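Asks: Input: one structure, supplied below.
Each reported figure results from applying straightforward, stated rules to the coordinates on display, with no laboratory input. Just so it is clear, the structure is predicted and the values come from calculations on it, not from any experiment. Cβ placement follows ideal geometry from the backbone for every residue including glycine, while neighbour counts extend to all protein chains displayed.
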Amino acid sequence: MIELNKENFEEEVLKAEGYVLVDFWGPTCEPCKALMPHVEAYAEKYGDKIKFTSLDITKARRLAISQKVLGLPVIAIYKDGERIDAVVADEATPASVEELIKKYY
Amino acid sequence: MVYDLVIIGAGPAGLAAGLYASRARLNTLIIEKESEGGQIKTTDEVANYPGSIRDASGPTLIERMVEQVDEFGAKRVLDEILEVDFSGKIKVLKGTKEEYKAKAVVIATGAVPRPIGCPGEKELTGRGVSYCATCDAAFFEDLEVYVVGGGDSAVEEAIYLTKFARKVTIIHRRDELRAAKSIQEKAFNNEKIEFMWDSVVTELKGDGILESMVVKNVKTGEEREIFADEDDGTFGVFVFIGFNPATKLFEGIIEMENGYIKTDEDMRTNIPGVFAAGDNRVKSLRQVVTATADGAIAAVQAEKYINDNFED
């Protein structure tokens with residue numbers, strides 16, 4: 001998975017062609033940390049068609065807010081730089097994330 | 001295969017049941033749908049669980065509980081139960097991955113945060129409306145935050161949020177807090193915390209992110225709209241007004257009261273061999289300490305039930 005930051009977000013997500021998954025997380029967000037190994041496993045499984053990335057929001061808070069992310073965890077799908085789908089907060093479970101991925105795989 | 005005991009949920013109640021059951025050498029399986037820990041996992045400080053003083057956050061407490069359960073050999077899987085059949089002597093639980101069979105079942109599914117139930121809330125969850133301070137506090141550094149509720153959780157989380165937010169306002173429907181006195185004192189002494197008494201949130205508004213909310217004074221009936229500071233563009237609303245039991249799966253199957261599972265003092269439900277433990281049952285105090293106690297009792301009673309009803 002590609003680690004995102006303020007510098008590379010535009011390049012890796014907003015200017016990227018095709019599907020990009022962004023795992024918005026934070027170090028104090030326990031549900032995010034519990035979800036992370038599953039997302040990493042999905043990256044192995046589905047990484048050939050979808051680019052998997054993650055953003056630690058504490059390092060890029062304004063950037064996250066600009067993406068309308070104000071609560072964690074958020075697993076979002078971007079297509080050609082546009083956010084087209086996401087699972088948010090309580091809805092984000094290993095099963096719902098895989099379902100989300102499969103919709104665009 | 002048929003397990004002796006299957007436990008649904010790996011929060012404090014489920015983990016305690018797993019510990020007692022596996023120590024009693026029951027062939028035990030704990031099924032969790034998200035991650036171990038349940039609600040307490042998102043709590044920054046657990047100061048009222050006896051013995052947990054140092055380094056007592058929700059995650060560290062759960063980590064130790066899981067370690068203890070694993071040590072005694074309870075099996076744990078990640079799966080979501082979609083359907084249960086408790087009609088036979090062997091209980092059947094259908095998950096997304098597998099079907100599980102057991103001689104006895106402990107339901108420790110816990111509870112989930114209760115929403116306000118006002119327009120805009122669902123759309124703006126994760127976009128300014130939150131039910132988890134440790135998850136989302138970092139977004140609101142130097143912004144304004146409102147906390148809805150007046151119990152222990154609301155006031156404790158409000159105090160936690162002052163580490164990040166510029167100002168924290170507690171919106172409470174009564175004119176006094178329900179939280180423990182020691183917690184109230186901390187809040188009253190905190191310069192960043194303000195109070196909006198006799199008030200409820202009736203609407204949350206925003207295009208993509210939370211931009212304003214309507215607050216109603218329950219005594220005067222007066223409604224007013226609070227807007228985000230122009231420079232900020234947004235603010236946070238953290239909701240801690242209690243919980244709803246996670247018992248939908250058992251509706252029409254097990255006897256309940258207002259959505260909570262009814263048990264006797266030995267955690268027995270109305271179905272022989274099916275026990276309930278923790279926040280999902282009818283009780284007066286929902287805390288980690290009562291959840292673990294429930295779990296222990298349920299496991300011991302499950303063992304007794306199995307010995308009385310199954311040979312070999």
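Asks: Quick one: work out the % antiparallel among DSSP beta bridges in chain B, nearest 5.
Replies: DSSP beta bridges in chain B are roughly 40 percent antiparallel.
Asks: Let me ask something else about it. For region B:121-239, rounded, prolate or oblate, judged on the Cα gyration tensor with a ≥ b ≥ c (square roots of eigenvalues), a/c < 1.5 rounded, else prolate if a/b > b/c? Display every interim value, and only then the final one.
Replies: Details: a/c = 1.74, a/b = 1.17, b/c = 1.49.
Here region B:121-239 falls in the oblate category.
Asks: Let me ask you something else. Find the centroid of the Cα atoms in region B:120-195 and in region B:230-299, then give the distance between the two in whole Å.
Replies: About 23 Å separates the Cα centre of region B:120-195 from the one of region B:230-299.
Asks: Need the C-alpha centroid separation for region B:36-72 versus region A:10-51, integer Å.
Replies: Distance between centres, Cα-based: 28 Å.
Asks: Rounded if a/c is under 1.5, else prolate if a/b is larger than b/c, else oblate: which is chain B, with a ≥ b ≥ c the root eigenvalues of its Cα gyration tensor? Each step should come with its number before you reach the end.
Replies: Working: a/c = 2.33, a/b = 2.02, b/c = 1.15.
Since a/c reaches 1.5 and a/b is larger than b/c, the shape of chain B is classed as prolate.
Asks: Which one, B:Leu204, B:Ala277, A:Gly18, projects farthest toward the positive side of the charge dipole computed for the protein assembly as shown from Cβ point charges (K/R +1, D/E -1)?
Replies: Sorting the options by dipole projection puts first B:Ala277.
Asks: Within region A:4-69, report the trypsin sites (Lys or Arg not before Pro) that DSSP leaves as loop and that have at most 15 other Cβ atoms within 10 Å.
Replies: Working: sites: A:Lys6, A:Lys15, A:Lys33, A:Lys45, A:Lys49, A:Lys51, A:Lys59, A:Arg61, A:Arg62, A:Lys68; in loops: A:Lys6, A:Lys15, A:Lys49, A:Lys68.
Passing sites in region A:4-69 are A:Lys6, A:Lys15, A:Lys49.
Asks: Any idea how far apart A:Lys45 and B:Arg64 come out in nm if each label point goes 7 Å out from Cα toward Cβ?
Replies: 3.5
Asks: Let me ask something additional. What nm value, rounded to one decimal, do you get for the distance between B:Lys94 and A:Lys6 when each label is placed 7 Å out toward the C-beta?
Replies: About 5.2 nm separates the two model spin labels.
Asks: Can you give the % of DSSP beta bridges in the protein assembly as shown that are antiparallel, to the nearest 5? Kindly include the intermediate steps, with their values, before the conclusion.
Replies: Values: 37 of 81 bridges.
Percent antiparallel among DSSP bridges in the protein assembly as shown is about 45.
Asks: Report the relative contact order of chain A, percent, no decimals, based on alpha-carbon pairs under 8 angstrom and at least 6 residues apart. Numbers along the way, then the final one.
Replies: Numbers: 167 pairs, mean separation 37.8, N = 105.
Worked out over chain A, it gives 36 percent.
Asks: A further question follows. In debye, nearest 20, what is the charge dipole magnitude of chain B about its Cα centre with +1 on Lys and Arg Cβ and -1 on Asp and Glu Cβ, if you could check? Display every interim value, and only then the final one.
Replies: On the way: 37 positive and 54 negative charges, 195 e Å.
About 940 debye.
Asks: Right, next: Each residue of region A:88-104 in turn: what ³J(HN,Hα) in whole Hz from Karplus with 6.51, -1.76, 1.60 and θ = phi - 60°, glycine and Pro shown as x?
Replies: 10, 6, 4, 5, 7, 10, x, 5, 5, 5, 5, 4, 4, 4, 4, 4, 10
Asks: About its Cα centre, how strong a charge dipole does region B:121-239 have in debye, to the nearest 20, once Lys and Arg get +1 and Asp and Glu get -1 at the Cβ? Working shown, then result.
Replies: Values: 15 positive and 25 negative charges, 107 e Å.
For this selection, approximately 520 debye.
Asks: Kindly flag which residue pairs out of A:Lys68/B:Lys163; B:Lys75/B:Lys163; B:Lys122/B:Lys181 have an alpha-carbon separation exceeding 28 Å in this structure.
Replies: Details: A:Lys68/B:Lys163 23 Å; B:Lys75/B:Lys163 39 Å; B:Lys122/B:Lys181 33 Å.
Violating the 28 Å Cα-Cα cut-off are B:Lys75/B:Lys163; B:Lys122/B:Lys181.
Asks: Answer with one residue from A:Leu70, B:Gly242, B:Val6: the one whose Cα lies farthest towards the positive end of the charge dipole of the protein assembly as shown, charges on Cβ with Lys, Arg +1 and Asp, Glu -1.
Replies: Going by the charge dipole, the pick is B:Val6.
Asks: A further question on this structure: Could you calculate the contour length gain from B:Leu249 to B:Ser212, that is, 0.36 nm times the residue separation minus the distance between their Cα atoms, to one decimal place in nm?
Replies: Numbers: separation 37, 0.36 × 37 = 13.32 nm, distance 3.60 nm.
Result for the pair: 9.7 nm of gain on full extension.
Asks: Suppose R0 equals 35 Å. What FRET efficiency, 1/(1 + (r/R0)^6) with r the Cβ-Cβ distance, do B:Glu222 and B:Ala56 give to the nearest 0.05? Write out the running numbers ahead of the final one.
Replies: Values: r = 43 Å, r/R0 = 1.22.
Given R0 = 35 Å and the Cβ-Cβ separation, E is 0.25.
Asks: Of all DSSP beta bridges in region A:2-104, what percent run antiparallel (nearest 5)?
Replies: Details: 12 of 22 bridges.
For region A:2-104, the DSSP antiparallel bridge percentage is about 55.
Asks: About its Cα centre, what dipole magnitude does region A:2-104 give when the only charges are +1 on Lys and Arg Cβ and -1 on Asp and Glu Cβ, stated in debye to the nearest 20?
Replies: Working: 14 positive and 19 negative charges, 47 e Å.
Using Cβ point charges on Lys, Arg, Asp and Glu, region A:2-104 gives about 220 debye.
Asks: Return the loop-located GluC sites (Glu not before Pro) in region B:48-114 (DSSP other than H, G, I, E, B) with at most 12 other Cβ atoms within 10 Å of their own Cβ; answer none if there are none.
Replies: Numbers: sites: B:Glu63, B:Glu67, B:Glu71, B:Glu80, B:Glu83, B:Glu98, B:Glu99; in loops: B:Glu80, B:Glu98.
Here the sparse-neighbourhood loop sites are B:Glu98.
Asks: If each DSSP helix of 4+ residues adds -39,500 (n - 2.57) and the sum is divided by the residues in the protein assembly as shown, what number results at 222 nm, nearest 500 deg cm²/dmol? Please list the in-between numbers first.
Replies: Numbers: 9 runs with 104 residues, N = 417.
Value at 222 nm, helices only: -7500 deg cm²/dmol.
Asks: To the nearest 0.05, what FRET efficiency results for B:Glu123 and B:Asp85 with a Förster distance of 45 Å applied to their C-beta separation? Please list the in-between numbers first.
Replies: Values: r = 37 Å, r/R0 = 0.82.
So the FRET efficiency works out to roughly 0.75.
Asks: Further question on the same structure: Angle, helix B:288-309 long axis vs. longest principal axis of chain B, Cα atoms, 0 to 90°, nearest 10?
Replies: Taking the Cα atoms of chain B, the angle to B:288-309 is about 20 degrees.
Asks: Take B:Thr202 and B:Asp232, extend 7 Å from each Cα along the Cα→Cβ direction, and tell me the distance between the two endpoints in nm.
Replies: If labels sit at B:Thr202 and B:Asp232, their model points lie 2.3 nm apart.
Asks: On a straight-distance basis, which lysines could pair with B:Lys283 in a cross-link, Cα separation under 16 angstrom, same-chain partners fewer than 8 positions away excluded?
Replies: B:Lys262
Asks: Counting only C-alpha contacts under 8 Å and six or more residues apart, can you give the relative contact order of chain B as a whole percent? List each step's numbers first, then the result.
Replies: On the way: 701 pairs, mean separation 67.0, N = 312.
In percent, rounded to a whole number, it is 21.
Asks: Within 10 Å of each candidate Cβ there may be at most 15 other Cβ atoms; applying that plus a DSSP loop requirement, which trypsin sites (Lys or Arg not before Pro) in region B:49-98 survive? Don't skip to the answer; put the middle values down first.
Replies: Details: sites: B:Arg54, B:Arg64, B:Lys75, B:Arg76, B:Lys89, B:Lys91, B:Lys94, B:Lys97; in loops: B:Arg54, B:Lys89, B:Lys97.
Filter output for region B:49-98: B:Arg54, B:Lys89, B:Lys97.
Asks: Can you tell me how region B:79-136 classifies by the Cα gyration tensor, rounded, prolate or oblate, using a/c under 1.5 as the rounded cut? Can you show the working numbers first?
Replies: Details: a/c = 3.09, a/b = 3.00, b/c = 1.03.
Prolate shape, in that a/c is at least 1.5 and a/b is the bigger ratio.
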